[in-house]
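Here the structure comes first, spelled out in structure tokens, and everything after it is commentary.
No lab work stands behind these numbers, since they all come straight from the coordinates. From a predicted model like this one, the values you see are computed outputs, not experimental measurements. Note that each Cβ is placed from the backbone with ideal geometry, even for glycine, and that neighbours are counted across all protein chains shown.
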Amino acid sequence: MVVIAVGLLASGCRSVSLQDGVVYTPDTRYRVGPIPADWHQVNLKDSDFSWVTSPPAYAFWVNSTCKAYEDVPLVALNRQLLIGFTDVQKLEQRTDMLDGRDALLSHYIAKVDGVARELGLVVVKKDGCIYDFAYVAPVGRYPDRLGQFQALVAGFQTEPQK
């Protein structure tokens, strides 16, 4: 079986929905960029939404954390996303602006369950919440779907609570 994700597939317990590109959670609302038509939604533990390609080789993952929020540096939050990975090699890390805030963008090669994967991670803090984005690809195939991931992240914008 090909390992494709940042966690284990499982049913989520949070009430989360996606409507017209806006993710609604009990704690926040945020917009994401377009989800490619050939990606399929899956339930991934500890994420608001996750998508994979078919056959499963690539994955996108988005999550928000507003409760138990710790105001720690983006680098520390990024490290938390790597828990469970081994043989982590950082290829690139830079700060960019996302929805008017600093965001940390990182590119890694790491193993999960002994299988090497390339990871694109984005972490941003805004309005008392932490927003995480992840892209997982087979090693050497990272550029294939990177533009789609970048479009998903570029569409990020928090929405007012109603």
Helix-only CD estimate at 222 nm, as mean residue ellipticity for the chain, using -39500 (n - 2.57) per DSSP H run (n ≥ 4): -4000 deg cm²/dmol
Which residues among region 141-162 fall inside the zone where the amide N is under 20 Å from a point 7 Å beyond the Cα of residue 27, along Cα→Cβ? 156-162
Taking the Cα centre as origin and putting +1 on Lys and Arg beta-carbons and -1 on Asp and Glu beta-carbons, what dipole magnitude results for region 17-158, to the nearest 20 debye? 100
Please compute one quarter of the surface area of the Cα convex hull for the chain and express it in square nanometres. 9.0
If I build a Gaussian network model for the chain, linking alpha-carbon pairs within less than 10 angstrom, which residue out of 113, 46, 96 has the largest mean-square fluctuation? 113
Want the number for residue 157 to residue 45: 0.36 nm per residue separation, take away the alpha-carbon distance, what's left? 38.0 nm
